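Asks: Attaching a single structure in structure tokens format; questions to follow.
The values are calculated or read from the model by the stated rules, or taken from the named source; none is laboratory data. Bear in mind the structure is a predicted one, so any value in this text is a computation, not a measurement. All Cβ positions, even for glycine, are placed from backbone atoms using ideal geometry, and neighbour counts span all protein chains on display. For accessibility, only protein heavy atoms count, side chains too; no ligands or nucleic acids. Shrake-Rupley method; radii C 1.70, N 1.55, O 1.52, S 1.80 Å.
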Amino acid sequence: MFRLEGSKTLAVDLADDAVKAKNGSMVAYEGRMSFKKMTGGGEGLRGMVTRRLTGESMAVMQVTGQGTCYFADRASEINLVSLHGDKLYVEASNLLCTDAGLRTGTTFTGLRGGATGNGLFTTTVEGTGQAAIMSDGTAVVLRVSPQYPLFVDPGAYIAHQGSLQQHFQSGVNFRTLIGEGSGESFQIRFEGEGLVYVQPSERNTIGGNV
């Protein structure tokens, strides 16, 4: 069971089961726990090779035991995501913890990944269970519907889920409109039905601060 202690610490109650978490993110635990570093994000040799080729880096540990384990990372805000047989797409640096039964992998994101500076691939989490994702500041969860596509700054993007198609495009953004932009500006256009998680701060991107 995942629950939040405040907004920046994740508490996971274990009863002889396991979770996968970002390596080094455990800050405290109560009870009996064992920790094991996993190779290639928990996907074995194939996953390790895939991540090296794609540039999507995720060091993972498996926590097993009975009691409560607490996770945090650089005082980041934490958001809980429930999956019911669907798939979550999330930047590796924003993934804190998942149920051990959830499958993780990588998927091609095209030019969007190149713009964020995080590589051309992103991490996928699939199955039924809970995941915890992080944001720099309180994340906003935005709903996309067929009638209303969503445009997102690549540097502020965290994750998305649902039946969404994403398109990377150049265009005008808010900084350009108020005279603070420089060079080419980029956006991600999401279409379909689903949710997009956005943080209120921006990573540096190839196109500058967009």
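Asks: Only residues in region 68-82 that are without any contact (Cβ under 8 Å) to a residue 60 or more places away in the chain count as the first member; pair them with residues that are open to solvent by less than 10 Å² (accessible area, probe 1.4 Å), Cβ under 6 angstrom, at least 6 apart or cross-chain, and list the lot.
Replies: Every condition considered, the pairs that remain are Thr68/Ala11; Cys69/Val12; Cys69/Val63.
Asks: Any chance you could count how many residues in region 155-191 are under 18 Å from Thr123 (Cα atoms) and either at pLDDT 85 or above or of a type in the set (Gly, Ala, Ser) (or both)?
Replies: Residues meeting the conditions: 14.
Asks: What are the residues in region 133-166 that are among the small types (Gly, Ala, Ser), in a strand (DSSP E or B) and open to solvent by less than 70 Å² (accessible area, probe 1.4 Å), if any?
Replies: Hits for region 133-166 are Ser135, Ser145, Ala159, Gly162.
Asks: When only residues in region 54-76 that are in a strand (DSSP E or B) and either at pLDDT below 80 or open to solvent by 30 Å² or more (accessible area, probe 1.4 Å) (or both) count, which is nearest to Val141 (Cα to Cα)?
Replies: Here the answer is Tyr70.
Asks: Kindly indicate the residue of region 1-53 that is modelled with pLDDT of 95 or more and either assigned to a helix (DSSP H, G or I) or aromatic (Phe, Trp, Tyr) (or both) and also least open to solvent (accessible area, probe 1.4 Å) among those meeting that condition.
Replies: Ranking the candidates gives Phe2 first.
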